[in-house]
Amino acid sequence: MLTPDPLESAAREALSPESFAYIAGGSGDEVTLRANTAAWRAYALRPHVLRDVVETDLTTTVVGTPLAAPIGIAPTAMHKLVHQDGELATARAAAAAGALMTVSMFANHSYADVAEAMDGAPFWAQMYLLRDHGLTRELAVRAKEAGARALVVCVDGAAVPRRSRFAGGAFVPPKGLAFPNVREIGLTKAITGLDRAMTFDDLTLFPEWTGLPIVVKGVQRGDDAARCAAAGAAGIVVSNHGARQFDGCTPTAAVLGEIVDAVAGNAEVYVDGGIRSGSDGVKALALGARAVFAGRPPLWALAAHGEAGATAWLHDFAEDIARVLAFCGCRTPGEATRDLVARAWPPPHG
């Protein structure tokens with residue numbers, strides 16, 4: 001399998017120091033960045049044996065959309081930092097592997113161009129609510145017209161993050177990068193123009209504008225997740241933004257079960273943050289996630305080995321999930337139940 005550690009090292013060699021730091025880094029002292037990965041290791045799997053696992057089937061649905069495996073690519077900006085074709089290469093890799101692509105609002109290609117590259121394969125469109133609601137509405141409508149199956153509304157933009165690996169706390173994109181989804185106001189004004197007065201009531205705007213289901217991303221508490229579901233969210237992504245927003249918050253593995261319980265089946269639950277292996281993926285499924293999303297590993301694979309590398313990593317990740325499910329006595333993702341996970345002992349280090 002194309003394992004993350006060698007991929008990350010290969011990506012470091014392939015990219016400029018600034019581009020690598022933008023992708024790999026987190027905020028503050030990067031405590032949460034390290035905790036995101038370590039928290040999955042704090043769980044151990046308790047496999048069943050003597051079960052018929054001759055045939056395994058990873059197929060599932062997310063908000064009604066069929067997928068070949070419970071895997072998605074998390075919304076990450078500026079794929080042109082790692083590949084000349086940017087999000088188009090990532091999208092083709094996702095389509096080839098049967099994974100769900102989530103297109104960032106700050107992508108270097110438009111929703112429509114990514115949709116064309118995917119040639120009918122499903123994708124979601126990520127966006128924030130801007131203070132200019134009219135402009136946000138136009139963006140949401142463009143995403144729908146491009147063929148997005150759902151809108152991923154990020155709700156963790158309460159302040160401008162400070163990235164620890166950059167002087168002044170912010171990454172300055174290279175000149176010449178385009179951001180067509182926010183072309184009307186530009187990247188800087190879009191980032192500083194997020195509506196920080198947004199409340200649960202505003203979640204209803206997106207389906208009113210488009211009729212598309214919404215998936216709320218950036219939730220870290222059960223009570224908030226329940227309120228999102230009550231406001232009409234079809235899905236919840238348990239996420240701390242890859243530890244890129246603020247340092248010192250909870251790792252996603254630690255709160256996934258709480259959020260699944262709080263939502264109580266009223267919305268689907270997904271998770272990202274530190275997921276690096278099939279074992280991590282099965283732990284997430286057992287804790288109640290319907291699908292898992294990866295952010296950095298597909299980009300490392302894309303940087304190191306191009307589109308073929310990203311496709312291979314996604315295929316290998318799916319195969320690893322299938323392998324671990326079989327070892328646990330499960331034939332499908334839905335058979336992974338919470339009794340399969342327990343707290344690891346002794347606690348892992350690092």
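The numbers here are math on the coordinates, done by the rules we state, and not lab data. The model shown is predicted, which means the values in this text are computed figures rather than measured ones. In this analysis, Cβ positions are derived from the backbone assuming ideal geometry, glycine residues included, and neighbour counts consider all displayed protein chains.
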Might you check whether a residue that is under 22 Å from Glu30 (Cβ atoms) and either in contact with a Leu (Cβ under 8 Å, 6 or more places away or on another chain) or buried (at least 24 other Cβ atoms within 10 Å of the Cβ) (or both) occurs anywhere in the stretch 313-322?
no
Quick count over the stretch 69-88, residues being under 22 Å from Ser16 (Cβ atoms) and either touching a strand residue (DSSP E or B) at 6+ places or on another chain (Cβ under 7 Å) or surrounded by fewer than 24 Cβ atoms within 10 Å (Cβ to Cβ) (or both), is 10
Hits in the stretch 20-36 - residues which are in a helix (DSSP H, G or I), touching a Pro at 6+ places or on another chain (Cβ under 8 Å) and either of a type in the set (Val, Ile, Thr) or closer than 14 Å to Ala170 by Cα (or both):
Thr32
Does Ala121 qualify as being of a type in the set (Gly, Ala, Ser), closer than 24 Å to Gln245 by Cβ and touching a residue at least 12 places away in the same chain (Cβ under 8 Å)?
no
With criteria (1) surrounded by fewer than 24 Cβ atoms within 10 Å (Cβ to Cβ); (2) within 30 Å of Leu81 (Cβ to Cβ), Ile275 comes up short on (1)
Matching residues, the stretch 201-225, being within 24 Å of Asp247 (Cα to Cα) and of a type outside the set (Val, Ile, Thr)
Lys217, Gly218, Gln220, Arg221, Gly222, Asp223, Asp224, Ala225
Tell me the residue from Ala159, Ala117 that is over 18 Å from the mean Cα position of the chain (by Cα), part of a loop (DSSP other than H, G, I, E, B) and on the phi < 0 side of the Ramachandran plot, please.
Ala159
Scanning the stretch 298-312 residue by residue, those closer than 21 Å to Ser19 by Cβ and surrounded by fewer than 23 Cβ atoms within 10 Å (Cβ to Cβ) turn out to be Ala304, His305, Gly306, Glu307, Ala308, Gly309
In the stretch 120-146, residue farthest from Val62 (Cα to Cα) [restricted to those that are acidic (Asp, Glu) and part of a helix (DSSP H, G or I)]:
Glu138
In the stretch 204-228, which residues are hydrophobic (A, V, I, L, M, F, W, C), surrounded by fewer than 21 Cβ atoms within 10 Å (Cβ to Cβ) and either within 26 Å of Glu258 (Cα to Cα) or out of contact with any strand residue (DSSP E or B) (no Cβ under 6 Å at 6 or more places or on another chain) (or both)?
Leu205, Trp209, Ala226
Only one of Gly257, Gly235, Gly281 is closer than 26 Å to Arg331 by Cα and buried (at least 24 other Cβ atoms within 10 Å of the Cβ); which?
Gly281
